[in-house]
Amino acid sequence: MIDMVSAIEELSGLTTKELGEMLKESDSFVLQSKTEDGSPKQVDMEKLVSSLPLHLLAVCLELGQGSDMAYVLRGVRFLHSLSELASRHTRLEQVLLDDVKISEQVMDLIFFLLSILAHRKKENNVGASPLVHASLVAASLHLLTSYFSSQWHELVHILLAHPKVDIFMDVAFDSLHEDVRLLSIRLSAMGLSDVPVGSLECHLAHFICQQCETSLQFLLLLCQQKLFRDRILKNKELSRNGGILSLSHTILKLVVPECLKGSTDLVASVSRLKAKILSILLQLCEAESVSYLDEVATSPNSMRLGQTLALEVLNLLKTAFGRKQKITSDSHNKSYPMGSVLISALRLVDVFSDDSNFRSSFMTNTVPFLTQILAIPHDEFVLSWCSVNLPVVEEDANLDYDPFGAVEVALLASDNALTEAKANYSCPFRPSLPSMAYAQTRTSCVVKIIANLHVFVPNICEEQERDLFLQNFQKYLMSGSPKQSVDQPNDFKATKVCINLGSLSDYAKTLIPNFLNEEDVQLLSDFSDKLQTWCKSQVGQVAQQVVHTETPSESKEDLHPVQQPLPTQASTPDSFMNNLKDVQNMEVSTTAPSTKLEGNATDETPKNSRNGGFLQNAVGQDLVHLGVARTASAGFSAVSSGVNTGYQRSKMDLDPASSTVDHFKTPELSKESGLQEDEKGETSMYDDRQPKRRKRTIMNDEQIDELETALVDEPDMHKNAVLLQNWSEKLSMQVEQSES
């Protein structure tokens, strides 16, 4: 008989190198050691190895009756060491790996251990700390690759051949779910107690997070195999009853407390957890054999959970893109890859928005997120969404699981012998290079989301769904965000959105056919054109209301614009001019960098700039943006009085093909400003094969020169409402005469 307990406790602490040296020195596969009192002791390794899996199974059956999960963890670590050593020791390989009976016992041990860990909370008889629990889940899962096959396709065949494979799937995801719950509770408690970065508690939280990540990574690699993925889709608990959705929701709700935001490794690990669970969801949603979302929709409870999860994904994106639309280098430190969270979330929203079960709820819920992307400054938008050269891209990483080092931390913690130095454990990882097509994939997702929600199929969609997404978009732009003010009116945001949509529409053509199809791009263009038409009408209404406020005969009741109140009568011209100034100051070209105004700001005589329709005021170096744009065509002449700057549709009767804002910039205008197109096809903002459309004209050259001359004499014209009205009437009369 062998004293299994003492043998495991003594030998499990040895590294594979130390254990290998002892086996080399042994005779007849017998190890020589000493007892606690110093007397010699022999351990028959063949008996020990052949009895180990069954012994650990027996211990698991007695859990809650004096047995300790930490001891089971020691035994599992010992199994890992023996399997690693077996590849270099023929006798050990014959005993451990070639015996079918022992292989079956190891598989049973893995399944049984995970089932215990999955139901820890219900049975309340597993006295394992969160560290031991998370380490056992990870160590148990990795016994599969250690003992059976490191080739994932081979391992999948072995698992699918097992009669209890469905039970394995259930308990594998459920045991990981329990780990994530424990992690969430721990992070919340640390936030309340304001735990400092670098403390023992901080290190322990990071350790649990790493164990959760290595377990989740194992399941992700299994899900990447088609046969395993298809079997999950048929699993009632995981698919129809929302098992994976529930795990996903718990992971996405993980929040690193404010006091630990400085712990870059912890923040990165939580972020990678979210990236990996989103990737699993994508694997399932994109499966061709069975529709995962249809399975979810069969149960009211799982459908509600799916809709909640979809909102959580949108909130994740809104939070990320709400940070001034910048992925900072600090948040994506190469030493701590954050995972491909955003690209996975965007792809998932694309899937949800294209599914009949979720499309109706996405009609409204995606609008704030899309507006957040589209309402940023134009230069920034072009750099982020209409370019292949992003400043910073997401970087992912795969952990290299180290069972010996990870288990050591958990065992020391269970013995209350863990120091801060030992607790500062970091699992090694291999960075994954981002895809060369990262930027194009990211942009194509946004295009497809808009296309999915804007599409109308007569034979499938109901009539009330026609342009429903467009209407929701308009309502949101009209209502604005809670932070809207007079200095940032709703029409200003709408104009920015239209300009960026136009640029996106043109850039999307260059992504055909590798990333987008023609139908997606056409749907985006149609949406952009319709929103632009609406935007012009809204700005025109506001401009007319401003003119009315300057008419003394009108009552105060008539001074309210359609969408929002304007400032007082005395301040109206200045405030609205400032708003127009902001609108016109946005760079409209996506094919060339922003240009500088001609002339010096200190010159006495202002010079006109032909690269954006700006007039420069010589006094006070103030820019009065009157929306002036020179072109040879005078077919679209309009009034420019400082308050109704050519946006009124009566003066801009455009055909649908030329109604997007991005058509302000023409090839002739680029040549006039001395700018050149990017000659590199892959980095060009527009595909040269795509036809360029005309720029819209607001005032002709003669009117511009006349107005510039007047500005020299009246530099503060924009503050004089009466003078502005006179010039408006004068210019309008010239337009009517030229047209007649």
Near pairs, Cβ below 6 angstrom, 6+ apart or cross-chain, from the range 364-381 (over 11 Å from Phe469 (Cβ atoms) and aliphatic (A, V, I, L, M)) to any residue that is outside any helix (DSSP H, G or I) and modelled with pLDDT under 90 | Ile376/Gln325
Report yes if some residue within the range 472-486 is in a helix (DSSP H, G or I), modelled with pLDDT of 90 or more, of a type in the set (Ser, Thr, Tyr) and closer than 24 Å to Phe362 by Cα; otherwise report no.
-> yes
Would you check if there is a residue in the range 282-290 being small (Gly, Ala, Ser) and closer than 17 Å to Phe173 by Cα?
-> no
Any idea how many residues of the range 387-446 are of a type in the set (Gly, Ala, Ser), in a helix (DSSP H, G or I) and out of contact with any Cys (no Cβ under 7 Å at 6 or more places or on another chain)?
-> 8
Result of the Cβ filter at 8 Å on the range 514-527, keeping first residues that are under 16 Å from Ala437 (Cβ atoms) and partners that are modelled with pLDDT under 95 and in a loop (DSSP other than H, G, I, E, B), at least 6 apart or interchain, is Asn514/Ala437; Phe515/Ala437
Going by the conditions given, is Ile185 β-branched (Val, Ile, Thr) and surrounded by 15 or more Cβ atoms within 10 Å (Cβ to Cβ)?
-> no
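Among the residues of the range 238-285, count how many are part of a loop (DSSP other than H, G, I, E, B) and under 18 Å from the mean Cα position of the chain (by Cα).
4
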Looking at the range 188-200, is at least one residue within 30 Å of the chain's Cα centre (by Cα) and among the charged types (D, E, K, R)?
-> yes
Would you mind stating whether Leu247 is at pLDDT 95 or above and within 30 Å of His203 (Cα to Cα)?
-> yes
Restricting the search to the range 370-421, which residues are surrounded by fewer than 17 Cβ atoms within 10 Å (Cβ to Cβ) and touching a strand residue (DSSP E or B) at 6+ places or on another chain (Cβ under 9 Å)?
-> Asp400
Could you look through the range 270-301, keep only residues that are at pLDDT 95 or above and of a type in the set (Gly, Ala, Ser), and pick out the one that is surrounded by the most Cβ atoms within 10 Å (Cβ to Cβ)?
-> Ala275
Enumeration of residues in the range 252-283 that are in contact with a Lys or Arg (Cβ under 8 Å, 6 or more places away or on another chain) and farther than 16 Å from Asp396 by Cβ | Leu252, Leu254
Among the helices (runs of 4 or more DSSP H) contained in the range 86-197, which hold 1 or more residues that are touching a Pro at 6+ places or on another chain (Cβ under 9 Å) and under 19 Å from Ile244 (Cβ atoms)?
-> 130-147, 165-193
Filtered residues of the range 518-548 (kept if at pLDDT below 95, in contact with a Lys or Arg (Cβ under 9 Å, 6 or more places away or on another chain) and either of a type in the set (Gly, Ala, Ser) or not in a helix (DSSP H, G or I) (or both)) | Ser537, Gly540
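On the given criteria, is Ser263 polar (S, T, N, Q) and at pLDDT 95 or above?
Considered against the rule, which asks whether it is polar (S, T, N, Q) and at pLDDT 95 or above, Ser263 comes out as no.
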List every residue pair whose Cβ atoms sit under 9 Å apart, with the two residues 6 or more apart in sequence or on different chains, where the first one lies in the range 96-119 and is closer than 17 Å to Leu141 by Cβ and the second, anywhere, is outside any helix (DSSP H, G or I) and β-branched (Val, Ile, Thr).
-> Ile116/Val126; Leu117/Val126; His119/Val126
Right, Gly242: of a type in the set (Gly, Ala, Ser), touching a residue at least 12 places away in the same chain (Cβ under 8 Å) and crowded, with 22+ Cβ neighbours inside 10 Å or not?
-> yes
Restricting the first residue to the range 282-300 and requiring it to be under 18 Å from Cys445 (Cα atoms) and in contact (Cβ under 8 Å) with a residue 12 or more places away in the chain, which pairs with a second residue that is outside any helix (DSSP H, G or I) and polar (S, T, N, Q) meet a Cβ separation below 9 Å and a spacing of at least six or different chains?
-> Gln283/Gln224; Cys285/Ser291
Is it fair to say Ala58 is modelled with pLDDT of 90 or more, within 47 Å of the chain's Cα centre (by Cα), hydrophobic (A, V, I, L, M, F, W, C) and exposed (fewer than 15 other Cβ atoms within 10 Å of the Cβ)?
-> yes
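The values are calculated or read from the model by the stated rules, or taken from the named source; none is laboratory data. Predicted model, so just to flag it, every value in this text is computed and none were measured. So basically every Cβ, Gly included, is an ideal-geometry build from the backbone, and we count neighbours across all protein chains shown.
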